[in-house]
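*Asks:* Have a look at the structure that comes next, please.
The values are calculated or read from the model by the stated rules, or taken from the named source; none is laboratory data. Being a predicted model, the structure only gives us computed values, none of them experimental. In this analysis, Cβ positions are derived from the backbone assuming ideal geometry, glycine residues included, and neighbour counts consider all displayed protein chains. Accessible surface areas use protein heavy atoms only, side chains included; no ligands, DNA or RNA. Shrake-Rupley method; radii C 1.70, N 1.55, O 1.52, S 1.80 Å.
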Amino acid sequence: MRVIAGSARGHRLQSVPGNSTRPITDRAKEALFSILGNWIEGRNMLDLFGGTGAVGIEALSRGAAHVQFIDRSRAAVRTMLLNLAHCKLDAWATVARRDSFEFIDKFEGEPFDLVYIAPPQYQELWKEALLAVDAKPALLVEESVVIVQLHPREETPIALEALVEFDRRRYGSVQLIFYEVAAEVE
């Protein structure tokens, strides 16, 4: 696992010990940031279930202004901090060891341009997290993008109020679903 482009290009990232995380493949990460393009520059991002921090670190490397990482695992938080320091991106990141749902529920502060949701597989946590983000308009700005990473077999229909799907891509065992704020909600 490595940083693909930007200021930290080529830096290898540590994995979280054990099998509690599911890092995004380099292929899927490269495609994701190809889709986002220069839009990511200067944006604030929330990386829920941060794991290794690979997606948020890639965003910072490509010019994101700030990334808030959330993970309740002590090992994941330790790994994210090591990876951020190794890439010299820790000045633009905040890492919190917290439950993602508690963070959303109690959120106060500046909203995010990008919210990335990649929870552990096969527990329907992606759906619970997406519903929580959908129900918390203070997290988002008018042009926010919310991206869910899941295994294609996990996907089930979901009814949202504030968010609407605008794209989806599959890269092997990685499904990325893109949402934006619905026009009626703005």
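*Asks:* If Q123 satisfies every condition in (1) at negative phi; (2) touching a residue at least 24 places away in the same chain (Cβ under 8 Å) but one, which is the exception?
*Replies:* Every listed condition holds for Q123 apart from (2).
*Asks:* Under 8 Å between Cβ atoms, at least 6 apart or on separate chains: pull out the pairs that start in segment 9-20 with a residue that is touching a residue at least 12 places away in the same chain (Cβ under 8 Å) and within 17 Å of G50 (Cα to Cα) and end on any residue that is open to solvent by 100 Å² or more (accessible area, probe 1.4 Å) and not in a loop (DSSP other than H, G, I, E, B).
*Replies:* Taking only residues 6 or more apart or on different chains, the pairs are Q14/L82.
One line per residue, one yes/no per condition, for (1) open to solvent by 10 Å² or more (accessible area, probe 1.4 Å); (2) modelled with pLDDT under 95:
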position: A96; (1), (2): yes, no
position: D105; (1), (2): yes, no
position: V115; (1), (2): no, no
position: Y122; (1), (2): yes, yes
position: L131; (1), (2): yes, no
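*Asks:* Of the conditions (1) part of a strand (DSSP E or B); (2) free of Cβ contacts under 8 Å to residues at least 40 places away in the same chain, M80 satisfies every one except a single condition; which number is it?
*Replies:* With respect to (1) part of a strand (DSSP E or B); (2) free of Cβ contacts under 8 Å to residues at least 40 places away in the same chain, M80 is out only on (1).
*Asks:* Only one of (1) in a helix (DSSP H, G or I); (2) touching a residue at least 60 places away in the same chain (Cβ under 8 Å) is not met by A59, so which one is it?
*Replies:* So the condition that A59 fails would be (2).
*Asks:* So, L48, is that one open to solvent by 10 Å² or more (accessible area, probe 1.4 Å) and in contact with a helix residue (DSSP H, G or I) (Cβ under 6 Å, 6 or more places away or on another chain) or not?
*Replies:* Against the criterion (open to solvent by 10 Å² or more (accessible area, probe 1.4 Å) and in contact with a helix residue (DSSP H, G or I) (Cβ under 6 Å, 6 or more places away or on another chain)), L48 does not qualify.
*Asks:* Of the numbered conditions (1) more than 23 Å from F166 (Cβ to Cβ); (2) of a type outside the set (G, A, S); (3) touching a helix residue (DSSP H, G or I) at 6+ places or on another chain (Cβ under 7 Å), Y116 fails exactly one; give the number of that condition.
*Replies:* Of the numbered conditions (1) more than 23 Å from F166 (Cβ to Cβ); (2) of a type outside the set (G, A, S); (3) touching a helix residue (DSSP H, G or I) at 6+ places or on another chain (Cβ under 7 Å), the odd one out for Y116 is (1).
*Asks:* Being in contact (Cβ under 8 Å) with a residue 24 or more places away in the chain and charged (D, E, K, R) is the filter; apply it to segment 160-186 and report the residue that is nearest to D113 (Cα to Cα).
*Replies:* E180
*Asks:* May I pose another question? Is it the case that some residue within segment 145-159 is open to solvent by 40 Å² or more (accessible area, probe 1.4 Å), closer than 22 Å to D113 by Cα, out of contact with any Pro (no Cβ under 8 Å at 6 or more places or on another chain) and part of a strand (DSSP E or B)?
*Replies:* No, there is no match, as no residue in segment 145-159 is open to solvent by 40 Å² or more (accessible area, probe 1.4 Å), closer than 22 Å to D113 by Cα, out of contact with any Pro (no Cβ under 8 Å at 6 or more places or on another chain) and part of a strand (DSSP E or B).
*Asks:* Hey, can you tell me all the residues within segment 100-145 that are touching a Phe, Trp or Tyr at 6+ places or on another chain (Cβ under 7 Å) and of a type in the set (V, I, T)?
*Replies:* I117, V145
*Asks:* Also, quick follow-up: Quick one: how many residues across segment 1-55 are in a helix (DSSP H, G or I) and not aliphatic (A, V, I, L, M)?
*Replies:* Total meeting the criteria: 9.
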